[in-house]
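Quick notes on the structure that follows.
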Amino acid sequence: MAGQFLIGERLGDISRRSTRLPPVSPSQLLDAFHGALSWLIVRVFFGVIGRNIPNITFRKNCSTAHAFLNHYIEIALKPGNNLNYKRDGKERSISLGMAGILANRSNDCEQIRSQLLQCIMAMQETTSTLCSNTMFLLARHSDIWKDLRKEVIGLDLDSATVEDLKRLTLVQNILKKVSPTDRMINRAGHVFLHCTGLRIYPIFATSGRTSLKDTTLPRGGGPDGLSPVFVPKNSRIITLFYGLHRDKSIFGYDVEVFRPDRWNSISPSSWQYLPFSNGPRRCPGQDKAITEAAYLIIRFAQKFEVIESRDQRD
Ligand code: HEM
């Protein structure tokens, strides 16, 4: 799925081709990527000093990951920008997913590669954590699991297209007007993913920014915190999404409680509820994440009559 999204081809299918194989295999790519990522965390931790610590393995891992992606980007940048190859003796052709889309907008290989790498990084453990958190909560609320099953049991997920799911998950705010069919997945997607998993357990609990110049924030100053507050150049500002999603004036008195139907009566603005952040740097992968997570949770709900928690935690 990730491969199809990024380069138009599932990673597992690549070795089945007999022509135009990338210079390194998908498993080499993944090993290199994870190796490089571990060192990146060390570099971030040590700030400017970290960036200057030499590490040959890191460089090698970067080159491997770059070689894999460059292969697709170079094809995407050529006229016609499809990957034509042979499999089982037959000629085939695929478009190149996000690499292809980016190549239509820029011919800068490095820039395209950086965007792809950033997406690979952003896909690591985000959607899967959302699914785990949601299942964690559902396993502790058998009544809600029953309701979810009732809503999705008759749905033919096999014939629902990705576009159907995307469209439905985009209208996840239950307060929006949707068609009755939309509503089925919408409620499953919205109520069980957006409203519970992401509100109670935002995957990004915090977000950081550094001010590039002297500026002001509209609120936060004065004794009541309602006046503007001065932010000098180079200040580090941390936003706490975890706390924001527990604002009783917006989400209700019982903010810690897993109560999906609260969303029938509240309507936070896009700055009051921020699982994917907001503004120009908001998450571009949110539809993908929610579509996949909705699909998975619905599949589980259709298959398993009951799920139960077998540990003592609430
Ligand atoms: C449940 C899953 C996900 C959550 C909760 C999430 C959340 C976020 C948040 C809060 C940010 C902003 C971070 C910041 O500015 O400090 C962000 C950025 C980003 N996300 Fe996601 N994300 C998820 C999944 C994905 C996926 C699957 C992709 C890739 C397809 C993706 C791609 C990105 C990218 C490229 C950025 C950087 C955007 C920029 O800086 O302009 N995310 N994400």
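If only the Cβ of Lys and Arg carry +1 and only the Cβ of Asp and Glu carry -1, the dipole of the range 2-123 around its Cα centre is close to 140 debye.
Among the GluC sites (Glu not before Pro) in the range 238-314, those placed in a DSSP loop whose Cβ has at most 15 other Cβ atoms within 10 Å are E256, E305, E308. Distance from the Cα centroid of the range 28-53 to that of the range 196-234 is 28 Å (rounded to whole angstrom).
Given a 10 angstrom Cα cut-off, can you work out which residue in F304, F258, F276 is the most mobile in a GNM of the chain? Looking only at F304, F258, F276, the biggest GNM fluctuation is shown by F304. Annotated for the chain: lysine pairs at least 8 residues apart or interchain, Cα distance under 23 Å, count 16. Within the shell defined by Cβ-Cβ distances under 14 Å, the residues around D247 carry a net charge of +3, with Lys and Arg each +1 and Asp and Glu each -1. Roughly what percent of Cα-Cα pairs across the chain reach past 32 Å? Result for the distance tail: 43 percent. The GluC sites (Glu not before Pro) found in the range 42-141 that occupy coil by DSSP, while having at most 15 further C-beta atoms within 10 Å, are E125. A Förster distance of 35 Å, applied to the separation of the beta-carbon atoms of A67 and V306, puts the FRET efficiency at 0.15. Of the chymotrypsin sites (Phe, Trp or Tyr not before Pro) in the range 34-134, the ones in a loop by DSSP (not H, G, I, E or B) with at most 12 other beta carbons within 10 Å are F46.
Each of the peptides 217-223, 19-25 was scored by the mean count of other Cβ atoms within 10 Å over its residues; in descending order, highest first, they stand as 19-25, 217-223.
Largest GNM mean-square fluctuation among D287, D214, D143, using the chain with Cα springs under 10 Å: D214. With R₀ set to 22 Å, the beta-carbon distance separating E91 from S25 gives a calculated FRET efficiency near 0.45.
Just so you know, all these numbers are worked out from the coordinates, no wet-lab data involved. For clarity, every value in this text was computed on a predicted model and none was experimentally measured. When we count neighbours, we look across all protein chains shown, and the Cβ atoms used for this are built from the backbone with ideal geometry, even at glycine.
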